[in-house]
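Take a look at the structure set out below.
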Amino acid sequence: MGLIVEIIGAPASGKTFFYDYLKKFSCEGKSNSFCTKSYKKNFFDFYFQRKNNSIRFKKLIYSYYIKKFQVKSNILFKNEYNDLNKFIKQKLSEDKKYKKIFKLYKKYISTTKYTNERKNRAIKNFEIDFLGSKYNDKNKQFEIFDEGFLQKIFVNFQGNNNLKFNNKNQIEYLKLVPNPDVVLLFKTNIKICLERAKKRKDGFLYKADKLRYVSSKDYFCKNVLKYIVKQKIPIIELDGTKDCKKNMQLFLENFKIINKSYK
């Protein structure tokens, strides 16, 4: 049985950069005890496999479109998008606790000042990732995901105060969503994260003129970290300012210790 490792940390803390390094490390065959995975890929692999041969080619083109652009498509792949939505709704309806989880995550998204389009996209991605967690084919000792369900609520926002995602909501959410077996935490200095984010082409949510969107008091959801400790989930701490080779060495050292405890 595989064990789930989730990477968490502030935006621009170095999570994705290190994840890509891990992916390359794994693909080159330098380790056979862990692999990098994606809930989204899990879901779409399952979804597209169920299609018959007569429409498989168009579905495969749509899968490429999803990877490069977005899930929503009202023009080129209208029928495929509608079919996808029906499939998602059907599968989610089979999970009795999902309505509660969805309500909590939607409340969290409502605390942001994202555009409606971005909010809808976040919700759709959440649905897909949730189903992807169910279709995960565990075949390694450790499976590393770049964004899991703890990371999805890790940043605090201060918009729409009447819809605050309060402490009770946060704890309830954490208890309901799939939890990892190990957490890889990037504790990069927030000032460095802010500077990095300003250089991003999309500006992300730390751009100087949009910093007010994020809580100035607490950047991160402290309940996530408290919950991890309370559940006794092992934590590997890394600094995103360090060279990937150094972080990899530190990761592997901790990885061996944690791996032994599971045997």
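Only residues that are within 30 Å of Leu252 (Cβ to Cβ), touching a helix residue (DSSP H, G or I) at 6+ places or on another chain (Cβ under 6 Å) and acidic (Asp, Glu) were counted across segment 99-153, and they come to 2. Check off (1) outside any helix (DSSP H, G or I); (2) modelled with pLDDT of 85 or more for Ile88 and give me the number that stays unchecked. In the conditions (1) outside any helix (DSSP H, G or I); (2) modelled with pLDDT of 85 or more, Ile88 misses (1) alone. Among the residues of segment 95-135, those identified as in a loop (DSSP other than H, G, I, E, B) and surrounded by 19 or more Cβ atoms within 10 Å (Cβ to Cβ) are Thr111, Thr112. Among the residues of this structure, Tyr213 does not count as one that is modelled with pLDDT under 70, surrounded by 13 or more Cβ atoms within 10 Å (Cβ to Cβ) and under 17 Å from Ile8 (Cβ atoms). Condition check for Leu150 on (1) surrounded by fewer than 18 Cβ atoms within 10 Å (Cβ to Cβ); (2) at pLDDT 95 or above; (3) within 30 Å of Thr241 (Cβ to Cβ): one failure, at (1). Among the residues of segment 167-181, at least one is closer than 30 Å to Gln49 by Cβ and either among the acidic types (Asp, Glu) or assigned to a helix (DSSP H, G or I) (or both). Within segment 178-210, the set of residues being at pLDDT below 60 and loosely packed, with under 13 Cβ neighbours inside 10 Å comprises Lys201, Asp202, Ala208, Asp209.
If a residue has to be modelled with pLDDT of 85 or more, of a type in the set (Val, Ile, Thr) and buried (at least 18 other Cβ atoms within 10 Å of the Cβ) to count, how many in segment 153-177 make the cut? Counting residues in segment 153-177 that are modelled with pLDDT of 85 or more, of a type in the set (Val, Ile, Thr) and buried (at least 18 other Cβ atoms within 10 Å of the Cβ) gives 2.
When segment 241-257 is filtered for residues that are within 22 Å of the chain's Cα centre (by Cα) and not in a helix (DSSP H, G or I), only Thr241 remains.
Just the residues that are in a loop (DSSP other than H, G, I, E, B) and within 18 Å of the chain's Cα centre (by Cα), please, taken from segment 221-239. Within segment 221-239, Cys221, Ile233 qualify. Say whether the condition of being in a helix (DSSP H, G or I) and either modelled with pLDDT of 70 or more or in contact with a Ser or Thr (Cβ under 7 Å, 6 or more places away or on another chain) (or both) is met by at least one residue in segment 26-36. Yes - at least one qualifying residue is present in segment 26-36.
The values are calculated or read from the model by the stated rules, or taken from the named source; none is laboratory data. The model shown is predicted, which means the values in this text are computed figures rather than measured ones. Heads up, the Cβs are rebuilt from the backbone with ideal geometry, glycines too, and the neighbour counts pull from every protein chain shown.
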